[in-house]
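The values are calculated or read from the model by the stated rules, or taken from the named source; none is laboratory data. The structure presented is a predicted model; accordingly, all values stated were derived computationally and were not measured. Virtual Cβ from ideal backbone geometry, glycine too; neighbours counted across all protein chains shown.
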Amino acid sequence: MNSIMKFSPRTKLLGLFAAVVAVSVATNVTTNLISNNKQSGEYFQNSQIPASYAALAKAPRAFDTDFTMAAELTLHAVVHVKTKSPVEMQQGFGGGGFGDPFFDYFFGPQQPQRRQQQQPQEAPMREGSGSGVIISNDGYIVTNNHVIDKSKEIEVTLNDKRTFKAKLVGADPNTDIALLKIEAEKLPMVLFGNSDSVKVGEWVLAVGNPFNLTSTVTAGIVSAKARNINIINSQMKIESFIQTDAAINPGNSGGALVNTRGELIGINTAIASQTGSYAGYGFAVPSGIVKKVVSDIRQFGFVQRAVLGVSMQELTNEVAKEKNLKTMEGALVAEVVENSAAEKAGIKKGDVITKVNNNATKSSSEVQEQIGRLSPGDKVNITVLRDNKELKLTAELKNRQGSTKMASAEADIDILGADFKVINEKLKDQFQLDYGMEVSTVKKGKFQESGIKAGFVIVKINNQAIRSIDDIKEVLSEALNTNDKFKVLNIAGVYPNGKVAYYAVNVGE
C-alpha cells in the first residue's frame, strides 16, 4: 500500500518561507566570501572564487555540524614546506683579533685555530620543515617567517605530490608571516575569512604537516582571542593570537586554521608545551593581520607599518583602583610619544583606549592588532575613557620615521649611502669566514658620516650574522622600529688589511 504525504496550505507556506531564507543565507555566504577576499591594491585579482566554495551556498547549514566539507576545501591548498639553512660555524679571522673584548662582544667568544691551506668546503646545511597555505590560484603561499628564516633553499610539495622550488617574496618578523611564490597556475586555494567575527567556543580545524606527515586535519574550538605569549623577538612585534585546542605539533607552523566553512581565519604559529609536542593549546596569527602583511609584501616588498605612538599597560584590579577607573576593559596609555599621531590626536597619558575604529579593544594586544592592519596616512577613530568619560578622537597614523607617507622599498637602505656585495671565496679563505657582506662603494649617507670606507667586510650588525642584503635591511628595519631616541646599528667587521673595526651608526637622525 502506497502512502502519500499531503501538505496543507500552511505547510506549503512554511516550506516556501524556508526556501527564501535558504536562498538569502546562501547569498550572504557568497557575498561574505567575496568581501573577505578583496586584497588592498587588488594584487591577487587573478584569483577567482573557487567553485568548491561557491557550492557552500547550496547547503548553507551543512557546515554548522559537518567538518568534512571544510577539510575537503582546505586539504588540497595546504602545502608541505621544506627548507635548507646553513649551520653557523664559529670561526676567527686569520689576521688575529682573539682576546679583544670588543671583538668578543660583537662576534661572540672566539676559539683560536691554526689556519691551514686547504680546499674550501661547503658549509653544512640544516633541514627544516613546516606548512604553507596557497592563497591565490597563481602560486602565492603564506607561511611563518620562522619556517623559512635564513634558509637558502625552499621546496614546496603540494597535496598531489608535485614539488616546486619556492621564491621568498618577503617576510615580516614582527608578525612571523612570510610570503612565498611558486611558478604554477590553476592551483587550489583557501579563501580568507573574517577573524574579527570568530567567537570563543567556535569549532575550528587545523590543517598542516606535523612531524612530516602530509595533509593532517585536527579539530577543536577557539579557546581565547588576542593572546600575547611573548614569543616574537622583534622591536615592533604584534602578538594577538587566536588560541585553539585543535592539536598542533611541530610541522604545523605556517598551516591553516579554518572555520567550518573552510575559510582561513589564522596561520598556525606556535604551541604551548614543555615537551615540544602538543600539550593542549596552539596559537595562530589572525587572518586580518595576515591579509595586511601579505598584501604589503606583494606590493612594496615589506610591510608599511603604522604607528600610533603610545606605550600601553594592561589593566589590573590594582591599577583600576589606583587610577579610580570604573572599567577593567581596555588598554591604559602609559606614555605618549612626542609629536606622534596619538599626541596630535589629543590622546593623553592615563587615558584608557577602549575602541579602535569602533572595534572593542579589551587589551593592549587588541589595540596592536587593530593598528597593525592599517598603514601610514590612514585616519583611525580612537575611543578613550578619560576621567571615566568617553571621548572620541581621530588620529592620522605615521610611519616609524614620523611621516604620514608610505615608505618606498629602497628608502630604508638608501640612508646608509653604500652599495654591498657578498664576499668572495678569497676573502672567506683569508679571514676564515662563512659569511659577510663587503661594502663595495661609499657615498653620502650614514656610513660616510661614521667613517666606514669601501672594502670593509661586515660580519655582524647588532649581533646578527650578515649574509645578504636582506639581512642588512632586516636589522636596519628593526633599529628604525625601536622607540629609543637613538636608533643605532652596532657594526662589526674587518678591512682587507686584517684590521678589525667596530662602528656605531645612528640611523635615527
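Candidates are the residues of the range 271-305 that are outside any strand (DSSP E or B) and of a type in the set (Ser, Thr, Tyr); the one that is surrounded by the most Cβ atoms within 10 Å (Cβ to Cβ) is SER287. Among the residues of the range 137-176, the ones that are among the hydroxyl-bearing types (Ser, Thr, Tyr) and surrounded by fewer than 23 Cβ atoms within 10 Å (Cβ to Cβ) come to 3 in all. Checked against (1) without any contact (Cβ under 8 Å) to a residue 24 or more places away in the chain; (2) surrounded by 18 or more Cβ atoms within 10 Å (Cβ to Cβ), VAL319 passes all but condition (2). Checking each residue in the range 232-248 for being over 16 Å from VAL290 (Cβ atoms) and at pLDDT 85 or above picks out GLN243, ASP245, ALA246, ALA247, ILE248. Only a single criterion out of (1) out of contact with any Leu (no Cβ under 9 Å at 6 or more places or on another chain); (2) modelled with pLDDT of 90 or more; (3) over 28 Å from PRO376 (Cβ atoms) is not satisfied by ALA256, namely (1). Against the criterion of being among the aliphatic types (A, V, I, L, M), in a loop (DSSP other than H, G, I, E, B) and surrounded by 17 or more Cβ atoms within 10 Å (Cβ to Cβ), ILE242 does not qualify. Residues to consider are ALA341, ALA331, ALA306; find the one that is touching a Gly at 6+ places or on another chain (Cβ under 9 Å) and over 19 Å from ILE177 (Cα atoms). From the options ALA341, ALA331, ALA306, the qualifying one is ALA341. When each of ASN268, ASN249 is tested for being in a strand (DSSP E or B) and within 13 Å of GLY130 (Cβ to Cβ), the lone residue that passes is ASN268.
Is it true that GLU314 is surrounded by 22 or more Cβ atoms within 10 Å (Cβ to Cβ) and within 25 Å of the chain's Cα centre (by Cα)?
Working: surrounded by 22 or more Cβ atoms within 10 Å (Cβ to Cβ): no; within 25 Å of the chain's Cα centre (by Cα): yes.
No: the conditions fail for GLU314.
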